[in-house]
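The values are calculated or read from the model by the stated rules, or taken from the named source; none is laboratory data. From a predicted model like this one, the values you see are computed outputs, not experimental measurements. Reconstructed Cβ throughout: ideal geometry from the backbone, glycine too, with neighbour counts over all protein chains shown. We work out accessible area using only protein heavy atoms, side chains counted, and drop any ligands, DNA or RNA first. Shrake-Rupley method; radii C 1.70, N 1.55, O 1.52, S 1.80 Å.
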Amino acid sequence: MNSLYTPQMLALSTELAFYPWSNGFDHQAEKRSSVCGSTIAIGLDTDSDGRITRLGLKVSACAVGQSSAAILAKGAKGSNTTTVQETAAAIASWLAGEGDLPEWPQLEVIVGARPHPGRHGALLLPWEAAIKALSAPQ
């Protein structure tokens with residue numbers, strides 16, 4: 001049986017310090033979970049091809065949300081809106097038992113959250129915030 005809060009998951013939470021928030025990002029958005037009250041603000045810079053070049057986060061969430069935000073941040077550089085959207089959709093399908101865990105660096109760290117539906121929203125929150133930020137006009 002998988003444990004929800006593994007040492008690897010908790011360690012990822014501390015890595016959010018590597019993605020400081022600033023108000024100067026090209027794209028910004030905030031999402032709040034209506035289930036648990038977690039909030040995530042995300043800022044993204046993109047190049048002329050729409051690929052992420054820099055990311056900053058302001059996270060007020062449980063360890064699952066924090067770890068998911070760190071996983072998103074660590075693998076986001078070079079990704080575009082489509083990649084983030086497809087990965088988020090694949091994660092949602094996987095959480096619902098309808099697909100495999102998608103390819104994304106260190107995503108396997110959160111597998112312990114799958115049997116805990118109450119944590120699914122926290123896990124998806126950073127991805128939803130990134131999609132919202134990338135979809136907003138500059």
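Counting only residues that are polar (S, T, N, Q) and out of contact with any helix residue (DSSP H, G or I) (no Cβ under 7 Å at 6 or more places or on another chain), which one in segment 20-74 is farthest from Arg114 (Cα to Cα)?
That would be Ser48.
Please tell me if Ser68 is at pLDDT below 95, open to solvent by less than 20 Å² (accessible area, probe 1.4 Å) and within 12 Å of Leu125 (Cα to Cα).
For Ser68, the condition - at pLDDT below 95, open to solvent by less than 20 Å² (accessible area, probe 1.4 Å) and within 12 Å of Leu125 (Cα to Cα) - is not met.
Taking segment 23-40, which residues are part of a loop (DSSP other than H, G, I, E, B) and open to solvent by less than 90 Å² (accessible area, probe 1.4 Å)?
Those that are part of a loop (DSSP other than H, G, I, E, B) and open to solvent by less than 90 Å² (accessible area, probe 1.4 Å): Gly24, Phe25, Asp26, Ser33, Cys36, Gly37, Ser38.
I need the full set of residues from segment 62-104 which are under 21 Å from Leu134 (Cα atoms), hydrophobic (A, V, I, L, M, F, W, C) and assigned to a loop (DSSP other than H, G, I, E, B), in order please.
Across segment 62-104, the qualifying residue is only Trp104.
Do we have Ala61 as more than 17 Å from Ala136 (Cβ to Cβ), of a type in the set (A, V, I, L, M, F, W, C), at pLDDT below 95 and surrounded by 20 or more Cβ atoms within 10 Å (Cβ to Cβ) here?
yes
Which ones in segment 95-104 are buried (at least 17 other Cβ atoms within 10 Å of the Cβ) and not aliphatic (A, V, I, L, M)?
Listed by number, the list holds a single entry, Trp104.
Please go through segment 105-138 and give me each residue that is surrounded by fewer than 14 Cβ atoms within 10 Å (Cβ to Cβ), outside any helix (DSSP H, G or I) and touching a residue at least 12 places away in the same chain (Cβ under 8 Å), ordered by number.
Once the filter is applied, which keeps residues that are surrounded by fewer than 14 Cβ atoms within 10 Å (Cβ to Cβ), outside any helix (DSSP H, G or I) and touching a residue at least 12 places away in the same chain (Cβ under 8 Å), segment 105-138 yields Pro105, Pro115, Ala136, Gln138.
Suppose we filter segment 1-31 for residues that are under 14 Å from the mean Cα position of the chain (by Cα) and without any contact (Cβ under 8 Å) to a residue 60 or more places away in the chain; how many remain?
Of the residues in segment 1-31, 4 are under 14 Å from the mean Cα position of the chain (by Cα) and without any contact (Cβ under 8 Å) to a residue 60 or more places away in the chain.
Quick check on segment 72-81. Is at least one of its residues open to solvent by less than 10 Å² (accessible area, probe 1.4 Å), within 12 Å of the chain's Cα centre (by Cα), in contact (Cβ under 8 Å) with a residue 12 or more places away in the chain and under 12 Å from Leu124 (Cα atoms)?
Looking through segment 72-81, at least one residue is open to solvent by less than 10 Å² (accessible area, probe 1.4 Å), within 12 Å of the chain's Cα centre (by Cα), in contact (Cβ under 8 Å) with a residue 12 or more places away in the chain and under 12 Å from Leu124 (Cα atoms).
Identify the residue in segment 9-22 that is out of contact with any Gly (no Cβ under 8 Å at 6 or more places or on another chain) and closer than 22 Å to Ala130 by Cβ and, among all such residues, is surrounded by the most Cβ atoms within 10 Å (Cβ to Cβ).
Taking the candidates together, the pick is Leu12.
Please determine, by comparing only the residues of segment 104-134 that are of a type in the set (Gly, Ala, Ser) and touching a strand residue (DSSP E or B) at 6+ places or on another chain (Cβ under 8 Å), which one is nearest to Val35 (Cα to Cα).
Ala129
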